[in-house]
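The values are calculated or read from the model by the stated rules, or taken from the named source; none is laboratory data. Keep in mind that what you see is a predicted model, and the values were worked out from it rather than measured. All Cβ positions, even for glycine, are placed from backbone atoms using ideal geometry, and neighbour counts span all protein chains on display.
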Amino acid sequence: MKKTMVIDLDRCIGCFSCEMACKMENDVALGVYYNKVLTIGPMGVFPDIEQYHLPTICQQCYNPTCVDVCPTGASFKAADGTVMVNKELCIGCKYCMMACPYGARSYNAEQKVVEKCTLCAHLTAVGEKPACVKVCCAKCRFFGDIDDPNSEVSKVLKEAGEANIHSLPDRGNHPSVKYILHRKTATWQDIPPKETWRTSNQSGRKGDKQHG
């Protein structure tokens, strides 16, 4: 079993509803993001311009380096494959933040612990969908067991076709989150992980940088 997310970038309109829903549902501190939407582009020469929106979250890796380096066992994989943080065991050493290729973890200065996207485990445990999935007006987010061929995420990927399925660069951690982007919509940009996650320059918006 591997619970994860599939995001259809052909549908995403960059409304940032998922960002806001995530922060509200998880009480995420100002300037910190578990879920950040980047605008990739514009690319090309006018009038042949391409652009798409890239929501970034914890990649729920099959081989999470953040778990490997944690000295206390605070970072762990749950039975459903979700990468989690036990705040009671976390000592705030930030080793996991340095080990994550995607800068997907944040430091809570008030609690002195590391935090991250949990796929809204408190909601999925009672049969609900993650907050970002529930509020997506474009219906571009799908949540489920990617190892189950009959799950919604697996069916969405099968329909999209292998040529249109993308992942963030693999650094040996094998990210499970998949992105759908058809070439007819835009060309996938294989941006170095840390550059993609930790800066907001490509979003064209002024504001805070994601911690980590």
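Select, from Lys155, Lys139, Lys134, the only residue that is of a type outside the set (Phe, Trp, Tyr), over 15 Å from the mean Cα position of the chain (by Cα), closer than 25 Å to Gly31 by Cβ and at pLDDT 95 or above.
Matching residue, one of Lys155, Lys139, Lys134: Lys134.
What is the residue count in region 170-185 for residues that are within 20 Å of the chain's Cα centre (by Cα) and surrounded by 14 or more Cβ atoms within 10 Å (Cβ to Cβ)?
Of the residues in that region, 11 qualify.
What are the residues in region 106-135 that are within 20 Å of Ile7 (Cα to Cα) and in contact with a Cys (Cβ under 6 Å, 6 or more places away or on another chain), if any?
Lys116, Cys117, Pro130, Ala131, Cys132
Taking the criterion of being among the aromatic types (Phe, Trp, Tyr), without any contact (Cβ under 8 Å) to a residue 24 or more places away in the chain and in a strand (DSSP E or B), would at least one residue in region 71-82 satisfy it?
Taking every residue of region 71-82 in turn, at least one turns out to be among the aromatic types (Phe, Trp, Tyr), without any contact (Cβ under 8 Å) to a residue 24 or more places away in the chain and in a strand (DSSP E or B).
Tell me which residues, restricted to region 70-82, are among the aliphatic types (A, V, I, L, M) and surrounded by fewer than 16 Cβ atoms within 10 Å (Cβ to Cβ).
Keep residues of region 70-82 that are among the aliphatic types (A, V, I, L, M), which gives 74, 78-79.
Across region 70-82, the qualifying residues are Ala78, Ala79.
Go through region 113-129 residue by residue and tally those that are in contact with a strand residue (DSSP E or B) (Cβ under 7 Å, 6 or more places away or on another chain) and part of a loop (DSSP other than H, G, I, E, B).
Qualifying residue count, region 113-129: 4.
Being surrounded by fewer than 14 Cβ atoms within 10 Å (Cβ to Cβ), among the aliphatic types (A, V, I, L, M) and part of a strand (DSSP E or B) is the filter here, so list the residues in region 2-57 that pass it.
Met43, Val45, Ile49
Among the residues that make up region 102-117, is at least one of them surrounded by fewer than 22 Cβ atoms within 10 Å (Cβ to Cβ), of a type in the set (Gly, Ala, Ser) and at pLDDT 95 or above?
no
What number of residues within region 168-196 satisfy the criterion of being without any contact (Cβ under 8 Å) to a residue 40 or more places away in the chain and assigned to a loop (DSSP other than H, G, I, E, B)?
Residues flagged as without any contact (Cβ under 8 Å) to a residue 40 or more places away in the chain and assigned to a loop (DSSP other than H, G, I, E, B) within region 168-196 amount to 6.
Go through region 62-82 and give me each residue that's over 17 Å from Glu115 (Cβ atoms) and of a type outside the set (D, E, K, R).
Tyr62, Asn63, Thr65, Pro71, Ala79, Gly81
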